[in-house]
Amino acid sequence: MNQLKLQKLQVTNFRNLQSDVVNFSPGINCIFGKNGNGKTNLLEALFYLIHRKSFRKNTGFPQFLSLDGENPEVVINSLFSDIQADEKISFTGKIERNGPQWSLNGKTTKKKLSVETIFINPFDSYSFHQQASERRAWVDHHLAVLNLEYKKNLSKFNQVLRLRNTLLSKRPTGFKDQILALDEQFALYSESIVKFREAFISELNPFCFHSFQEVFSEEHLLKITMKSSFAKQNREQIRDFYAKNIAKDEAIGHTHYGIHRDDFIMLFDEKNAFEFCSLGQQKMAYLSLIFAYIELFRYKFKAYPIVLIDDVSGELDSQRWSKLVEYLNKQNFQVLITTANEGFRDELERLANIQQIMVTGGHFQIVQ
Ligand SMILES: Nc1ncnc2c1ncn2[C@@H]1O[C@H](COP(=O)(O)OP(=O)(O)OP(=O)(O)O)[C@@H](O)[C@H]1O
Ligand SMILES: [Mg+2]
């Protein structure tokens, strides 16, 4: 993966955005403006161009096509610079009701742009700490980016799980024998997934500890731990467990136990962060975990993702704002950070090389 940095973005007919060409610096870009002016929309357009989906749930073309545009077509034009290859890359998406079309340097392509983004928004910290399913989804998504074998095995595991659950709920003739046969694969994927998750957690933890200390200068121990259904068990033990417990699964009509229920708890000085920490501390823990992941990402791919931060200043005090800003300033990754908070913006404004982009009614203006 090469190190790409966004240089320009021009978005037409996307929500309230006007077709201004927005220039970005390779370091920190602060996108500021009052509520409802288009800050998050800009991040969403860029995210869509790279990932071909929105970070907002249940959102696609019908939602983001501008209500005011004349053409029923969204166009997202971008220019990236490839730092290693010393090249410019233009990438365009044209999205219509019957689908999108992508082009790379003017030529139609089906391939995605080879750049990763990390999107951080204020709500993610709450849902991450509150729900095991969110933590699982976080680990699965981020680990799949780093490890294609994990991605493949997880998708196969989920296929088998769906089939297993269908057999348990519909109970066709001979379903028990079918489940026993299926459990060979189920155990195989379970064993492999647990190993990958354990390795991921232990790789992440040293970075997690450091990023927490570095970003927030906190003298606390922060780490993430894994509570797995099948820690240190091999495929035979897992298969035998399912064989012994099939009556319970049958009674409730689905697979009651397994790695699809694994959890990942953040520990703050060895205490459960969700039960013990304030909202601000939970947010610091969550951000530190993400920054740890960014370091791990760089370690694996020798490139950084582009980091999109949708106003995270809430709950953090001004001392933490300045620590966070100082930390971002020391990093080599490109950051697009939005804020409606003037205090936080003042904190960012102190940095020498910051690009300030003001958004008013979907228009963008660079502030010198
Ligand atoms: N399809 C659409 N067409 C036109 N305008 C839209 C469309 N969808 C959303 N909008 C408008 O886009 C505006 C900007 O939304 P956005 O989420 O980017 O605001 P923001 O600057 O991030 O605000 P906040 O600080 O509150 O997060 C909203 O006022 C919304 O009404
Ligand atoms: Mg917003």
Discussion item. Given the criteria among the aromatic types (F, W, Y), within 15 Å of ligand 1 (Cβ to nearest atom), closer than 23 Å to V325 by Cα and buried (at least 22 other Cβ atoms within 10 Å of the Cβ), does F32 qualify?
Written reply: yes
Restricted to segment 257-316 and to residues being outside any loop (DSSP other than H, G, I, E, B), of a type in the set (V, I, T) and within 22 Å of T117 (Cβ to Cβ), the residue nearest to ligand 2 (Cβ to nearest atom) is I309
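Residues in segment 62-77 that are closer than 19 Å to Q18 by Cβ and within 12 Å of ligand 1 (Cβ to nearest atom): how many?
Within segment 62-77, residues that are closer than 19 Å to Q18 by Cβ and within 12 Å of ligand 1 (Cβ to nearest atom) number 9.
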Of the listed residues (L351, L328, L336), the one being in contact with a helix residue (DSSP H, G or I) (Cβ under 8 Å, 6 or more places away or on another chain) and modelled with pLDDT under 95 is L351
Flagged in segment 1-29 as within 16 Å of ligand 1 (Cβ to nearest atom) and of a type in the set (A, V, I, L, M, F, W, C), in numbering order, are L9, V11, F14, L17, V22
Quick count over segment 210-256, residues being touching a strand residue (DSSP E or B) at 6+ places or on another chain (Cβ under 6 Å) and in a helix (DSSP H, G or I), is 1
Okay, strands (runs of 3 or more DSSP E) sitting entirely in segment 3-82 with 3 or more residues that are closer than 24 Å to V312 by Cα and at pLDDT 95 or above, I get 4-12, 28-32
Output for Cβ contacts, cut-off 9 Å, separation at least six or different chains, first residue among the β-branched types (V, I, T) in segment 298-318, second assigned to a loop (DSSP other than H, G, I, E, B) and away from ligand 1 (no atom under 16 Å from the Cβ), reads I306/V115; I306/E116; I306/F333; I306/Q334; V307/Q331; V307/F333; V307/Q334
Scanning segment 1-21 for residues that are of a type outside the set (D, E, K, R) and within 16 Å of ligand 2 (Cβ to nearest atom), the one surrounded by the fewest Cβ atoms within 10 Å (Cβ to Cβ) turns out to be N16
Residue hits (segment 83-102; in a strand (DSSP E or B) and of a type in the set (V, I, T)) are I89, T92, I95
Counting only residues in segment 317-362 that are assigned to a loop (DSSP other than H, G, I, E, B) and under 21 Å from the mean Cα position of the chain (by Cα), the one farthest from ligand 1 (Cβ to nearest atom) is identified as N332
Note to self: Just checking, does segment 210-231 include any residue being surrounded by 18 or more Cβ atoms within 10 Å (Cβ to Cβ) and more than 28 Å from K271 (Cα to Cα)?
What the structure shows: no
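The values are calculated or read from the model by the stated rules, or taken from the named source; none is laboratory data. Quick caveat, the model's predicted, so the values are computed rather than measured. Every residue, glycine among them, receives a Cβ derived from its backbone with ideal geometry; neighbour counts consider all protein chains shown.
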